[in-house]
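The values are calculated or read from the model by the stated rules, or taken from the named source; none is laboratory data. Just so it is clear, the model here is predicted, and its values are computed rather than measured. Cβ coordinates were reconstructed from backbone atoms using ideal geometry, including for glycine residues, and neighbour counts include every protein chain displayed. Accessible surface areas use protein heavy atoms only, side chains included; no ligands, DNA or RNA. Shrake-Rupley method; radii C 1.70, N 1.55, O 1.52, S 1.80 Å.
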Amino acid sequence: MLIIGIAGGTGSGKTTVARSVIDKLGNQVTFISQDNYYCDHSHLSFSERETINYDHPLAFDNALLLEHLKLLKLEQKVASPNYDFSTHSRSVVTRELLPNPIVIIEGLHVLSDEQLRGILDIKVFVDTDPDVRILRRVLRDIQERGRTIESVYDQYLTTVKPMHEAFIEPSKKYADIIIPEGGHNEVGIQLLTILTEKYLHSSSVFPHPIRG
């Protein structure tokens, strides 16, 4: 099994890159979003859940994510959490993940956690201009997650930007492949797809970062 981790700042295009690779490689890929592995705070009130720093690496249950990745490597299916952003809590409904030759996991802190990095075969960082990222974040959070422009603005200044500078941007140094401008970089996506296919057949490694 080949495990690919795709990291990058909020709105960088991580999911778009992952989906583009999946579209090209077909049904031999299992897709995992780190967002579904936010720690469960259902025991807290909604107002208390609103105050949590969701952009810090410790906001994620990486121990559970790592356990699920190991089970998939053992060709066992797992029940992934399903996170509800409108309530800041896990849904009672889970997602079934099936083992496939390729697993792609994307998320803010996929490369920030040392143990998580250790299980990845290919590490990717999507590098996009901050102005583009924040505009995408505003649109997504308002349209898809029921947020107000005020809440998005406050969250960006208090947690998103500081956490990006402290943890996400520094994690870029661990990447094997750096893809500027995310889903708009067809060359980078094509490079990742080709390298993934070759890697899958040859088990080669990439000792130095590659820019697409």
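A few remarks follow.
- Tally, over region 144-179, of residues that are open to solvent by 60 Å² or more (accessible area, probe 1.4 Å) and at pLDDT below 75: 2
- Being among the acidic types (Asp, Glu), in contact (Cβ under 8 Å) with a residue 60 or more places away in the chain, within 18 Å of residue 164 (Cα to Cα) and not in a loop (DSSP other than H, G, I, E, B) is a description that applies to residue 35.
- Taking the numbered list (1) part of a strand (DSSP E or B); (2) farther than 30 Å from residue 1 by Cβ in turn, residue 105 passes all entries but (2).
- Condition check for residue 124: of a type in the set (A, V, I, L, M) and in a helix (DSSP H, G or I): no
- In region 193-212, residue modelled with the lowest pLDDT [restricted to those that are in a helix (DSSP H, G or I) and open to solvent by 90 Å² or more (accessible area, probe 1.4 Å)]: 201
- Qualifying positions in region 1-49 - more than 11 Å from the chain's Cα centre (by Cα), open to solvent by less than 40 Å² (accessible area, probe 1.4 Å) and at pLDDT 85 or above: 2, 3, 20, 21, 22, 29, 30, 38, 39, 49
- The set of residues in region 50-87 being in a loop (DSSP other than H, G, I, E, B), farther than 20 Å from residue 119 by Cα and open to solvent by 20 Å² or more (accessible area, probe 1.4 Å) consists of 51, 52, 53, 56, 82, 85, 86, 87.
- Candidate set: region 88-114, residues that are open to solvent by less than 20 Å² (accessible area, probe 1.4 Å) and of a type in the set (A, V, I, L, M, F, W, C); chosen: the one nearest to residue 171 (Cα to Cα): 111
- Matching option when the condition is part of a helix (DSSP H, G or I), open to solvent by 50 Å² or more (accessible area, probe 1.4 Å) and among the basic types (Lys, Arg), among 136, 117: 136
- Just one of the listed residues (93, 17, 21, 110) is outside any helix (DSSP H, G or I) and within 25 Å of residue 178 (Cβ to Cβ), and it is 110.
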